[in-house]
Every structure is written in C-alpha cells, then in structure tokens.
Amino acid sequence: MDKPIIEGFKLSPQQKYIWSLQQIDRSLPNRVSWTVLIEGNLDFKSLEISLQTVINKYEILRTNYRCLSGMTIPLQVISDNIIPSIDYQDISSLNAQQQQEKIQLITSQLNQLGLDFAQDSLLYFSVIIISPIRHILAISLPTLDADTITINNLTQEISHYYAVGNQIEESEEEPLQYADIAEWQNETLEQEEAKLGIEYWQKFCDFNLFKQNLPLEKINNQEADFQPQCLNWELNL
C-alpha cells in the first residue's frame, strides 16, 4: 500500500512554539475569535463575495496542518479552492436581553471550536442578524494562523472589498504569503552563520542580569498558571 504524500511548508518558529505549547497542555486555547458590528443594510451576497475574495488572496486562510505517522510537528498544507463556511443565525425575534445572551453563547461556542485537521480550511464565519440594520460578523481562526495584527488586517480587508463592490484593483500586487515568510525564517536560522551567532550570544550574555530584583520589588514565590482571557477592543475602520 502506497504511503500518502503530503506537500506543504514548514511551520514558522512562532508556529512551532504555539504547537509545542498546545501539545503539552491540551486545555490551552487553539483559536482566535472576534466579532465585527455591522450597522446599516447588509448585502449578504456581497459579504459572501468579499469573504471569498480575501480567502482567495491569502493562503494562510486556506491552510490546514497535517503530519504523517512519526512526525511530531506538522506541515502547513495549502488548499487551492476554499468556499467559506458561513453560519447564519437570526435572533431578531428575541428581546434585547435574550439577544445579548444568545450573542455571548455564539461567541463562546466559537472559542471552543476544535481543529479538524481533516478539513481543507480551519476558518469559520458566523453572521448574527440582530435587526434589519444591525448584524454581527463573527470570525474564528486557529492561533497558528492569526495574531492581533491579523485581526485588524483581515477586518479591514473584508470591509474594503465589500465597500468597493468586491472588485480587485488591477494595480494590486501579489501579497507576500505567510508560508514564504516561514520558509525565509527557517532558512535564516538554519544557516551556519546564524548558528554561530546564537552560540556566541548564549555564551556572551550574562543571563543573571535578567534575574536582578528592583528595590522594594515584591517577590512572588508561587508559580502562576497560564490563564487565557477574552479581551475586548474597538477597531475604527
């Protein structure tokens, strides 16, 4: 029986670090989720086209992580064609209190979504209909794919393509893809010069300098546990 072939890219150093943490402690969060309030009339079809346009533009939104037997660190596997999965939930018939509770439940469920590595994409969208002129777009990505900058950039990209009628300007340049950045980082770290530099600074640096205490500093001898939190902030787009 032929062994399956996986074609992909190495994880970046940052992704490897996140992956290793999640393998040590399965309770650690594995998703980044956020919501966008949309006020005014919403053209659902145009929104869907906008989401598709952004997915087509950025490979990381079409990426999953797979490894063969014996591999401890997966590869980034990019799919060519991904149709966004959008869950529509109409809560317009509920009162204000019920709507708030429902929104909190939906966002909580987004944070608890698992990572199905058998799928082509791990990106998830939900559109919550509050009223004819108020909607919430909820977005969820693996922590391997996104950080706070990604949240801001992706939200702006979706908003931009929705505003321009989903037309891609001819002057747009091909964006730098994350897999290319990961390859560059790995190649840089694997170079002999980089290894020599790392060894030099490890020997040269006196790490005891980082262990000095400030005057009147309170010493906490208890080892703190990692406690994930939900952070809220507004993006002015």
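General observations
- Sum of side-chain charges, Ile136 neighbourhood, beta-carbon under 11 Å (Lys, Arg +1; Asp, Glu -1): +1
- Percent carbon-and-sulfur accessible area, the stretch 1-61, ignoring ligands, DNA and RNA, probe 1.4 Å: 55 percent
- Under the Karplus curve 6.51 cos²θ - 1.76 cosθ + 1.60, θ = phi - 60°, whole-Hz ³J(HN,Hα) for the stretch 183-191, x wherever Gly or Pro sits: 4, 5, 4, 5, 5, 5, 5, 8, 5
- Taking a Cβ cut-off of under 12 Å around Ser50, the surrounding Lys, Arg, Asp and Glu residues balance to a net charge of -1, with basic ones at +1 and acidic ones at -1.
- Rounded to the nearest 20 debye, the dipole size of the stretch 1-160 about its Cα centre is 300 debye, using +1 on the Cβ of Lys and Arg and -1 on the Cβ of Asp and Glu.
- The stretch 22-80: relative contact order as a whole-number percent, Cα under 8 Å and 6+ apart: 19 percent
- Rolling a 1.4 angstrom probe over the protein heavy atoms with all chains in place gives the stretch 3-161 an accessible area of 53 Å² per residue.
- The calculated P(r) of the stretch 102-168, using every Cα pair and 5 Å bins from 0, goes 3, 13, 20, 22, 23, 13, 6, 0 in percent.
- When you filter the trypsin sites (Lys or Arg not before Pro) in the stretch 7-66 for DSSP loop state and at most 13 other Cβ atoms inside 10 Å of their Cβ, you are left with Arg26.
- Under 5 Å between amide hydrogens, built in the peptide plane, is the criterion, and for Arg66 it picks out Leu75, Val77 among residues at least 5 positions away or on other chains.
- For Leu11, neighbours were defined as the other residues whose beta-carbon sits under 12 Å from its Cβ, and their charges (Lys and Arg +1, Asp and Glu -1) total +1.
- Here the gap between Ser27 and Thr72, fully extended at 0.36 nm per residue and compared with their Cα-Cα distance, gives a gain of 14.3 nm.
- The alpha-carbon positions of the stretch 1-66 define a convex hull whose volume is 178 Å³ per residue.
- For Tyr124, nonlocal amide neighbours, meaning residues 5 or more places apart or on other chains whose placed amide H falls under 5 Å from its own, are Ser140.
The values are calculated or read from the model by the stated rules, or taken from the named source; none is laboratory data. The model shown is predicted, which means the values in this text are computed figures rather than measured ones. Note: ideal-geometry Cβ built from the backbone for every residue, glycine included; neighbour counts use all protein chains shown. Only protein heavy atoms, including side chains, enter the accessible area calculation; ligands, DNA and RNA are left aside. Shrake-Rupley method; radii C 1.70, N 1.55, O 1.52, S 1.80 Å.
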